[in-house]
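The values are calculated or read from the model by the stated rules, or taken from the named source; none is laboratory data. The structure presented is a predicted model; accordingly, all values stated were derived computationally and were not measured. Virtual Cβ from ideal backbone geometry, glycine too; neighbours counted across all protein chains shown. These accessible areas exclude ligands, DNA and RNA; they are computed on the full protein's heavy atoms, side chains included. Shrake-Rupley method; radii C 1.70, N 1.55, O 1.52, S 1.80 Å.
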Amino acid sequence: MTDKPISFAKSLFAGNLHSDMVFPYPTLARDESRSVTSLIGSALEFLDAEYDPAQVERQRWVGDDIIRGLGERGLLGLYISPEYGGAGLSQTGYCRVMEEFGGYDATLSVVMGVHQSIGMKPIHLFGTDDQKARFLPDLASGRKLAGFALTEPGAGSDAHNIATWADKQSDGSYVLNGEKRWIGNGDKDILCVFANSDEGHIALIVEKDFEGLDSSHRYDTLGLHGNSLRRLRFRDVKVPADNVLGEPGEGFRIAMHTLNNGRMSLGTGAVGGAKRLLKQAIDHTNEREQFGRPLADFELVEDKIGWIASYLYGLESMTYLTTGLVDAGVEDFAVESAMVKVAASEYLWYATNRVFQLFGGAAYMADSPIAKALRDSRIFPVFEGANDVLRVFIALAGLKTVADSLPDLTNVKLSDPLGSIGGFAEYVVDRIARTVSPDKLDQAHPRLQHEADTAADQVAKLRATTEKLLRTHGRDVELRQRQQKRVAHAATDIFAQIATVSRTTALFADQGVEASGQERYIATSFCNRAAKRVATQFNRVDDNDDERLRSIARLTYNRGGYTLRGPA
């Protein structure tokens, strides 16, 4: 086994299983756990008395009184140091509170997430002592709200090519011109704005009262009606030198690091949302009768409930393992957070659809909470990194990890089989060695040995598959997005299995195997299903109809739609 890497998930692509990074499963310290419990209790008590989701929908804002009330209870500066008026929570503690907001109301969760997960996060991570002292106390108390301004009309997922421009002035200030769109909290007090400049990308703190800032246009959205989503226009907005975040040229890095942090709380928010949906579905199917029996007694209903509960356990395990890695000081968690975001946002969407089906026609009524959940959850696979873009990111990060360990690839001429024999011979020998003796999850509980061994074997297969793609396609692998999607999904499900085994091992140690029978049953069910999904992805690397589907797609493009003659 190699030295401990800076990223657990990237090491999986290289065939390395650093179990000491994920065992024992991370938990909150007792004092912080008490603080989190107290904060959640305070939030729920206040929201139960004051928060009305239907009113929020009508008024199209969560309410300044709600923001003030949550701020007074310490819920708007959860990870901020007490020095600046915050609660000083760890990443896990913060995400645990955000899970509760996700379960309470998606709109409130998004407003809170925009403010804390991405809005003021750059100031917390990259601000000077003076900037932190100037901005964080008001933001942590709820006296002010923050937003994150990156997306533009011509630069959504391609955030590197933003057109908003900052001209440096002789006094060190910048004059900002350009446009941003779809900015949550865009009409509020503090905006972290990203722009291009002669010095490269730059991050700027823009305040609401700066002359030339126009946030008057509000978007009308499918869901999240209480979220103030704005178009921003900058017309010669002067930003003082004291409001530059980090160094000029570091703006893109600041933006990406911030989003990596934000994706974890989106994951735990999805966990909270799914728990609420599951409770609603159970109540409904127990009460609703058809054909003389409760809906809960029908097998196809059980399938939906069982799937939601089983997948939820695996997702929750993976999400909090990721936050635990951050709290343990792991430097690079970009791939793990992307995995969490993709898995969580799509799971919530599919879970919502299943619950919608269980409620039947009642869910289709506009005032139904399930209809609201459907409208609200659809955006999650899109924002904070569109899921297809993140799939490509996960796969390419893994492919690069393997390519960096194989210097012979630079000399392999993939179009020359004879010239490639040496390289492929080394590949075959190395692959056999890995297949015979893959890394193991030695710390897994013996009662989970089958699940642990299966995950370990699939780590070795992930390495072999990744290397095979590199040697087959060379640099063209960057264009093979169908294959990238397969390895990204496989790697995510492997990571989720490992997290589930680690979590359940810790539970056995704490409560005993017999007392944890329900968790063991759910954990093994999730792992077995995830392992089958991984096997399917690996099989489809070679056995697929990609070229046929590509031909059909191009033919459809060329004809401008579906032009086949219908049946007579």
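Quick rundown of the values:
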item	result
Segment 226-276: Cα Rg divided by the 2.2 N^0.38 Å rule of thumb	1.67
Taking the convex hull of Cα positions in segment 8-124, its mean projected area over all directions (nm²)	9.4 nm²
Residue among 305, 329, 286 farthest towards the positive dipole end of segment 264-357, charges placed on Cβ	286
Enclosed volume per residue, in Å³, of the convex hull spanned by Cα atoms of the chain	197 Å³
For segment 464-568, average projected area of the Cα convex hull in nm²	11.1 nm²
Segment 2-63: translational diffusion in µm²/s, Stokes-Einstein, Kirkwood Rh over Cα pairs, 25 °C, 0.890 mPa s	154 µm²/s
Residue 242/residue 65 FRET efficiency (R0 45 Å; Cβ-Cβ; nearest 0.05)	0.90
Probe 1.4 Å, accessible area per residue of the chain, Å²	46 Å²
Cross-link reach list, lysines versus residue 468, counting only Cα pairs under 16 Å and skipping chain neighbours closer than eight places	400, 413, 485
Rg in Å to one decimal, and Dmax rounded to a whole Å, for segment 30-83 via C-alpha atoms	12.9, 41
Principal axis dimensions, segment 89-173 - Cα atoms, whole angstrom, descending	47, 34, 22
Cα principal axis extents for segment 195-256, largest first, Å	38, 28, 17
Size of segment 288-397 as Cα extents on the principal axes (Å, biggest first)	57, 26, 23
MRE, 222 nm, helices only [DSSP H, n ≥ 4, -39500 (n - 2.57), over the chain, to nearest 500]	-18500 deg cm²/dmol
Share of carbon and sulfur in the accessible heavy-atom surface of the chain [1.4 Å probe, %]	50 percent
Longest segment of the chain lacking GluC sites (Glu not before Pro) that sit in a DSSP loop with at most 11 other Cβ atoms within 10 Å	332-568
